[in-house]
Amino acid sequence: MTSTPTLNHAQGRASAFEVAPTDAALGAEVRGVDLAQLDDATFEKIHQAWLDHLLLVFRGVLAIGDGAID
C-alpha cells in the first residue's frame, strides 16, 4: 500500500468506507463496505472511486456466495 492519505467516504454509519490508492499506476483498495447491503449513495461513491482509480480491490469478499446467483 502507499503512504498516500486514505480517503474517507462517509454517509452515515452504514455507508462509511475507505478508498486507499495503491502504489501502482492505477487501482485502490476499498475497505469497510458490505457489498451485500449497498444503498444508492454508497454505490455512487464506489462508482466514483472506480472512475477515479480504474481498478478497485475488495479484500475478503467472495465473488460467489449466498444470494450472488439467482
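With respect to the conditions (1) modelled with pLDDT of 95 or more; (2) open to solvent by less than 80 Å² (accessible area, probe 1.4 Å); (3) not β-branched (V, I, T), D52 lacks only one, and its number is (2). When the range 22-37 is limited to residues that are of a type in the set (A, V, I, L, M, F, W, C) and outside any helix (DSSP H, G or I), the one that is surrounded by the fewest Cβ atoms within 10 Å (Cβ to Cβ) turns out to be A25.
The values are calculated or read from the model by the stated rules, or taken from the named source; none is laboratory data. Predicted, not measured: the structure shown is a model, and the values here were computed from it. No Cβ is skipped: glycine too gets one built from the backbone with ideal geometry, and neighbour counts run over all protein chains shown. Ligands, DNA and RNA are stripped out before the accessible areas are found, and what is left, the full protein with its side chains, is counted by its heavy atoms. Shrake-Rupley method; radii C 1.70, N 1.55, O 1.52, S 1.80 Å.
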